[in-house]
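K.L.:
Structure below; questions to follow.
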Amino acid sequence: MSLSFKERLHNAIGVQEIERKKVYHAYVHAIAYEREEFDKIWFKGQNATWGHNFGRMVGFRQIYHNHTIDEESRAAVETFELGEVFPSYMGGDPRSIGASGVHALSELCIEMANDGKSGRCWAITAGVMMSALGNPPRPKPGEGPGPGGPGPKPAHKAEDYQHFGAASWEYYGADFIYHEGEWKYIHEHVVPVFAQPFDMENFGRDLYEKHEENPNYDTWRGVPCQVTDPGPLSNRYDVNEPVHHYIWECPKPYDTLDDENSYSPGHNEWI
């Protein structure tokens, strides 16, 4: 398909705008400012989706509820608990006091649709989760305070809080649309491969040992939040099964966002 100079210029500017949105995402995610991300750079319609191996959130309302309302409530509870042990922590932004996820978005590849209405972005991330004072073990659902339930508040001590750091490897696929004169996220899909705390685990060796103990062991951990399409949508790395998913490669040239060219098949109507 031959594009005019104006169409090619529109797509070239779109590449720059999508890259800027990905950089903004990496920054606000690192400081746990989810609300700012979803308020500013996301399409707020019913076909917005956010997927992970545990399932797919469908519709902006579900995405926003999981990422902002639930997460900020949990962060507030943890900050009050932390403040009772370390009073100097009180007064800060609860969202940024807990663990931060820093994603180095490498191998970024962006492909623009020939119709100029969408762009697809693929990335590998060497992710790092870190916290100066890692949160102590959380109560089981229904037993603890705040989002966990109305039960008794655990009495934590200073020694319960330790430095925490973990490495992860993930693939990201994102679809963007040109909506009302601006490029917006409409789909994000994350395919985690592995994650391990620093100096505590060797995920490859540990998986072999777990399979020796239990031949039926698998890496599926269930669904931790509200999703419309429950997983598993992909499996983490395992000793007897590599990760299989359609987010292995950069997107190919395409004409328009549809179920054949999307990281969220079945959710590609937005006009």
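The values are calculated or read from the model by the stated rules, or taken from the named source; none is laboratory data. Source: prediction; values computed, not measured. With ideal geometry, Cβ positions are generated from the backbone for all residues, glycine too; neighbour counts draw on all protein chains shown. Quick note on the areas: whole protein, heavy atoms, side chains included, nothing else; ligands and nucleic acids left out. Shrake-Rupley method; radii C 1.70, N 1.55, O 1.52, S 1.80 Å.
K.L.:
Accessible area per residue, 1.4 Å probe, Å², for the stretch 166-271: what's the number? The partial results should precede the final answer.
P.N.:
Numbers: 6010 Å² over 106 residues.
Value returned for the stretch 166-271: 57 Å² of accessible area per residue.
K.L.:
Oh, and also: Glu7 label point, 7 Å along Cα→Cβ, cut-off 19 Å on backbone N: hits in the stretch 109-130?
P.N.:
111-120
K.L.:
Further, regarding this structure: What does the accessible area of Glu170 come to, in Å² to the nearest 10, when a probe of 1.4 Å is used?
P.N.:
Here the residue's solvent-accessible area equals roughly 20 Å².
K.L.:
Cα convex hull of the stretch 183-223: how many Å³ per residue?
P.N.:
On the way: hull volume 4.9 nm³, N = 41.
Output value, Cα hull per residue: 119 Å³.
K.L.:
Hey, quick one: spin label on Arg35, modelled 7 Å out along Cα-Cβ, who in the stretch 56-76 has an amide N within reach, i.e. under 20 Å?
P.N.:
Residues 60-76 qualify, since their backbone N sits under 20 Å from the label point.
K.L.:
Quick check: net charge around Val239, other residues with Cβ under 12 Å of its Cβ, Lys/Arg +1 and Asp/Glu -1? Numbers along the way, then the final one.
P.N.:
Numbers: positive: Arg205, Lys210, Arg236; negative: Asp206, Glu209, Glu212, Asp218, Asp238, Glu241.
In short, -3.
K.L.:
Looking at the stretch 167-249 from every direction and averaging, what is the projected area of its Cα convex hull in nm²? Before the final figure, lay out the partial values.
P.N.:
Working: hull surface 31.0 nm².
Its Cα hull, projected and averaged over all orientations, spans 7.7 nm².
K.L.:
Another question about this same structure. If each of Phe80 and Lys157 carries a label point 7 Å out from its Cα toward its Cβ, how far apart are those two points in nm?
P.N.:
2.4
K.L.:
What distance in nm lies between label points placed 7 Å from Cα along the C-beta direction at Asp206 and Val239?
P.N.:
1.4
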